[in-house]
Amino acid sequence: MNVVAQTSVGEVPNEVAQTLVCEFPGQRSQTEVCATGIRQGLTRRIARERRRRRVGRAYDMALEIARVIPKGSEVLDVGCGNGFIAHHLSAMLGTKVVGLDVINAPEAPIDYRRYDREQFPVKANSVDAVLLCYVLHHAQDASVVLKEVRRVLREDGVVIIYEDIPQSWWDKAMCWLHNRNWKDRTGPCTFRKKAEWRRLFDALGFVIKRDRQLSRWRNLTHPVTRFSFVLQPELTAANKANLRRTTLHTLPDARGLRRSSCRYR
Ligand SMILES: C[S@@+](CC[C@H](N)C(=O)[O-])C[C@H]1O[C@@H](n2cnc3c(N)ncnc32)[C@H](O)[C@@H]1O
């Protein structure tokens, strides 16, 4: 054992406390211990900041979605990811929002169910609203997902979709980066232009009630053009007659929606 320093710690009358700082062969020096402590502290702080950003973004999205879905609705969040949108929305609507995903259990305490990419673990005609927030471009076959949405959705239900849209060369670069980050986890992404999404929704029996371009600057770490769509299932004449509840008449009119949504652009 080598004594490498002798330090006085604190001033005590008639007594000076002294600490022998020793170095054992193979033991880390005080500088190394100190550097490790700082590194770990910084890592924890960065992780906390990232978590706050994820939770805050999910809160803003849940607020925006809650304007379109009446309180008490039964909601399915497909591709729920970390589950924070579903968690916040549950509190806002006063119901339990179920989250589905193909990978990982979420961080937030929600009713999470694993989706096998074929059939949602949910009964037919059982939900009032389905969310697909930045999910469809991950699906290897978006029509498989949308057919499942159609199966589980009640006749008067709504589908809320958010998508990244490769509109300009910048957007295309952002989409390329997103695909590079995700392709090993969920397979290659398929980004579509707005008109292509509209054609697909139409072909699968959905009516587009609203679509809205969102600012690419709503997420500074992923600045890409985005669109949100609100769809409803196309109603047959018989279903129209049987319709007991309506959902979209609870929406503000188009002008009101535009005005109220500006804060979240
Ligand atoms: C970009 S994240 C969005 C997560 C969450 N919706 C949000 O906005 O915070 C895409 C999510 O979709 C999930 N996903 C990928 N392919 C899917 C599929 N075929 N069906 C459902 N979810 C899928 C991924 O696992 C991932 O959690």
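³J(HN,Hα) across the stretch 145-155 via Karplus (A = 6.51, B = -1.76, C = 1.60, θ = phi - 60°), whole Hz, x for Gly/Pro?
Going residue by residue, I get 5, 5, 5, 5, 4, 4, 5, 7, 7, 5, 4 Hz, with x marking Gly and Pro.
Compute the relative contact order of the stretch 58-264 as a whole-number percentage, counting only Cα pairs closer than 8 Å that sit 6 or more residues apart in sequence.
The value is 18 percent.
So who's got an amide H within less than 5 Å of the one on residue 158, skipping anything under 5 residues away but keeping other chains? H placed 1.01 Å off N, in plane.
129, 130
Relative to the compact-globule scaling 2.2 N^0.38 Å, provide the ratio for the alpha-carbon radius of gyration of the stretch 58-264. Intermediate results must be reported in sequence, preceding the final value.
Numbers: Rg = 16.3 Å, N = 207, 2.2 N^0.38 = 16.7 Å.
Cα Rg divided by the expected 2.2 N^0.38 Å: 0.97.
Which of the lysines could a cross-linker bridge to residue 71, judged by Cα under 18 Å and excluding same-chain residues fewer than eight apart?
96
If the reach is capped at under 23 angstrom between alpha carbons, list the lysines near residue 194, excluding any in the same chain fewer than eight residues apart.
Reachable lysines: 147, 172, 183, 209.
When averaged across all projection directions, what area in nm² does the alpha-carbon convex hull of the stretch 22-110 cover? Provide the component values of the computation, followed by the final result.
Numbers: hull surface 32.5 nm².
Hull-based average projected area comes out at 8.1 nm².
Can you list residues from other chains, or at least 5 along the same chain, whose modelled amide H is less than 5 Å from the amide H of residue 210?
HN-HN under 5 Å from residue 210: 230.
Would you mind checking which residues have amide H under 5 Å from residue 113's amide H? H placed 1.01 Å from N; only 5 or more apart, or other chain.
For residue 113, the qualifying residues are 99, 100, 101.
Cα to Cα, under 15 Å, and not fewer than 8 places away if on the same chain: which aspartates and glutamates meet these conditions relative to residue 193?
163, 164, 171, 202, 211
Between residue 45 and residue 147, what length comes free when the chain is fully extended (0.36 nm per residue of separation minus the Cα-Cα distance, one decimal in nm)? It would help to have the intermediate numbers written out before the result.
Details: separation 102, 0.36 × 102 = 36.72 nm, distance 4.28 nm.
Between residue 45 and residue 147, full extension yields an extra 32.4 nm.
None of the figures in this text is laboratory data; all of them are computed from the coordinates on show. Computed from a predicted model, the values in this text were never measured in an experiment.
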